[in-house]
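One structure below.
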Amino acid sequence: MKPWLVQRIKLLVILTGLLVAIQIINSLTGYALTAFGIIPRTIDGLAGILLAPFIHGSWSHLLSNLPPLLILSALLLRDQIRQYLYASLFIIITTGLAVWLVGRYAVHVGASGWIFGLWGLLIAQGIFRRRLSDIIIAILVLFYFGAMASGLLPVHQTISTESHIAGAISGGFYAWWINQRRKKSLQSTPRAY
């Protein structure tokens, strides 16, 4: 197997192991870790900005989030691992901060904001980068994960729609921002004649 692929598989296995280990600890402690979720507009809830995506309210919650997280992550990992990590960190922080600022008063946990961020990023990359591979992936993501768009509607009281919306916006913004930086870099590079 190629080292390029091995590194990415290792990262996805580590991510899976981390989420499962946290869920085991959470379930063994009577879901005490959910207290580290995002609690909007509270000092205690600030820690949740970074921690909430790794904490889930139940095994079914984790198992419903894990497949799309891994698939969307794998699609983004076709580029550099560093770029995936930067994008994920940006999405996690901006989504968490938005939920902390404007979310309804509840404990918000789970990777769904991150997932919607990766979803929005992959779609936006197809729009902004206009490379054939990005366009194909954007179309596949829209087709395969198109039902995710219903998660942007506030229809369930127990689902953090705020995380979904903030994540999708964060991912789209990140794609736009990186594209703008790339354009400026290309403009400032002198041309050889």
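The values are calculated or read from the model by the stated rules, or taken from the named source; none is laboratory data. Just so it is clear, the model here is predicted, and its values are computed rather than measured. Cβ coordinates were reconstructed from backbone atoms using ideal geometry, including for glycine residues, and neighbour counts include every protein chain displayed. These accessible areas exclude ligands, DNA and RNA; they are computed on the full protein's heavy atoms, side chains included. Shrake-Rupley method; radii C 1.70, N 1.55, O 1.52, S 1.80 Å.
Here are the criteria: (1) open to solvent by 30 Å² or more (accessible area, probe 1.4 Å); (2) in contact (Cβ under 8 Å) with a residue 40 or more places away in the chain; (3) of a type outside the set (A, V, I, L, M); (4) not in a helix (DSSP H, G or I). Tell me which single one His61 does not satisfy.
Of (1) open to solvent by 30 Å² or more (accessible area, probe 1.4 Å); (2) in contact (Cβ under 8 Å) with a residue 40 or more places away in the chain; (3) of a type outside the set (A, V, I, L, M); (4) not in a helix (DSSP H, G or I), only one is false for His61: (4).
For segment 42-58, how many residues are over 14 Å from the mean Cα position of the chain (by Cα) and part of a helix (DSSP H, G or I)?
5
Kindly indicate whether any position in segment 97-120 is basic (Lys, Arg) and closer than 18 Å to Pro53 by Cα.
Yes, segment 97-120 contains at least one residue that is basic (Lys, Arg) and closer than 18 Å to Pro53 by Cα.
Please enumerate the residues belonging to segment 42-53 that are open to solvent by less than 40 Å² (accessible area, probe 1.4 Å) and more than 15 Å from Asn65 (Cβ to Cβ).
Within segment 42-53, Thr42, Gly45, Gly48, Ile49 qualify.
Restricting to segment 26-41, name every residue that is more than 15 Å from Ser163 (Cβ to Cβ) and surrounded by fewer than 19 Cβ atoms within 10 Å (Cβ to Cβ).
Within segment 26-41, Ser27, Leu28, Thr29, Gly30, Tyr31, Ala32, Ala35, Arg41 meet the criteria.
For segment 130-151, how many residues are surrounded by 13 or more Cβ atoms within 10 Å (Cβ to Cβ), modelled with pLDDT under 85 and in a helix (DSSP H, G or I)?
3
Of the numbered conditions (1) within 17 Å of Phe54 (Cβ to Cβ); (2) buried (at least 21 other Cβ atoms within 10 Å of the Cβ); (3) modelled with pLDDT of 95 or more, Phe90 satisfies every one except a single condition; which is it?
Here Phe90 clears every test but (2).
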